[in-house]
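Notes for the one structure printed next.
The values are calculated or read from the model by the stated rules, or taken from the named source; none is laboratory data. Model, not experiment: these values are computed from the prediction. Because the Cβ atoms are built from the backbone with ideal geometry, glycine has one as well, and the counts that use them run over all protein chains shown. Note: areas computed on protein heavy atoms with side chains; ligands, DNA, RNA excluded. Shrake-Rupley method; radii C 1.70, N 1.55, O 1.52, S 1.80 Å.
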Amino acid sequence: MIRNTARALIIQDGLLLAIKKERPEVGVYYTLPGGAQEIGETIAQTLQRECLEELGIDVAEHKFICIREYISKNHEYSFIMKEVHAVEFIYECRIKATDTFVSSQADIGQIGMEWIPTESIKQSVSESDQLSKTYQFPETTRDFFREYFRDQGLELYRSKNYES
């Protein structure tokens with residue numbers, strides 16, 4: 001079964017808001033907030049709900065930037081999620097001002113959330129030695145960040161996705 005998911009790319013003041021996870025088989029790693037669409041829910045509603053559940057925040061604005069496909073058996077964490085095939089809709093998001101982030105329904109393995117300097121992300125995804133990486137991301141997220149941050153990041157996606 002193929003499922004739709006919504007992912008939030010929240011960058012403010014040179015920092016990206018990420019979900020921090022830990023699994024015994026993998027260690028600590030980071031993912032974009034978001035998750036699976038429920039029946040009767042638009043993908044935009046999914047984005048709102050997932051950010052509220054995982055981060056405890058409301059999304060003030062969102063703009064679609066890309067679609068990416070994830071087939072778990074083709075990636076390094078396949079032993080955790082064996083039969084996942086997802087079409088991920090990634091949105092650049094702005095959040096409403098808040099001084100607290102409280103997860104009401106954390107993901108499996110979620111141990112928190114963290115603002116990560118985008119410069120550190122760029123460095124981590126470009127390093128070839130896995131052990132030297134400051135921040136660990138699943139392979140598909142690393143691939144997304146490599147392309148997103150190349151050639152001025154969002155401008156690359158805007159030119160691909162919004163101009164005909």
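Could you tell me how many of the residues in segment 1-41 are out of contact with any strand residue (DSSP E or B) (no Cβ under 9 Å at 6 or more places or on another chain) and open to solvent by 30 Å² or more (accessible area, probe 1.4 Å)?
So the answer is 7.
Going by the conditions given, is residue 103 surrounded by 14 or more Cβ atoms within 10 Å (Cβ to Cβ) and at pLDDT below 85?
Here the answer is yes, as residue 103 does meet what is asked.
Pick from segment 106-136 the residues that are of a type in the set (Val, Ile, Thr) and part of a helix (DSSP H, G or I): which of them is modelled with the lowest pLDDT?
Only one residue tops the list, namely 125.
Restricting to segment 1-27, and then to whatever is β-branched (Val, Ile, Thr) and over 15 Å from the mean Cα position of the chain (by Cα), can you tell me which residue is farthest from residue 137 (Cα to Cα)?
2
Please go through segment 140-164 and pick out each residue that is of a type in the set (D, E, K, R) and at pLDDT 80 or above. Write out each step before concluding.
Step one: of segment 140-164, the residues of a type in the set (D, E, K, R) are 142-143, 146-147, 150-151, 155, 158, 160, 163.
If the condition is that a residue be of a type in the set (D, E, K, R) and at pLDDT 80 or above, then 142, 143, 146, 147 are the ones that fit.
Test residue 80 against the criterion of being part of a loop (DSSP other than H, G, I, E, B), out of contact with any helix residue (DSSP H, G or I) (no Cβ under 6 Å at 6 or more places or on another chain) and either more than 21 Å from residue 145 (Cα to Cα) or modelled with pLDDT of 90 or more (or both), and give yes or no.
Yes; evaluated as a whole, the condition is true for this residue.
Take the residues of segment 57-73 that are surrounded by fewer than 16 Cβ atoms within 10 Å (Cβ to Cβ) and either in contact with a His (Cβ under 8 Å, 6 or more places away or on another chain) or closer than 16 Å to residue 3 by Cα (or both): which is modelled with the lowest pLDDT?
73
For segment 47-56, which positions are open to solvent by 10 Å² or more (accessible area, probe 1.4 Å) and either farther than 14 Å from residue 88 by Cα or among the polar types (S, T, N, Q) (or both)?
Filtering segment 47-56 down to residues open to solvent by 10 Å² or more (accessible area, probe 1.4 Å) leaves 48-50, 52-53, 56.
Answer for segment 47-56, where residues must be open to solvent by 10 Å² or more (accessible area, probe 1.4 Å) and either farther than 14 Å from residue 88 by Cα or among the polar types (S, T, N, Q) (or both): 48, 49, 52, 53, 56.
Return yes or no: is residue 44 open to solvent by less than 60 Å² (accessible area, probe 1.4 Å) and within 13 Å of the chain's Cα centre (by Cα)?
Answer is no for this residue.
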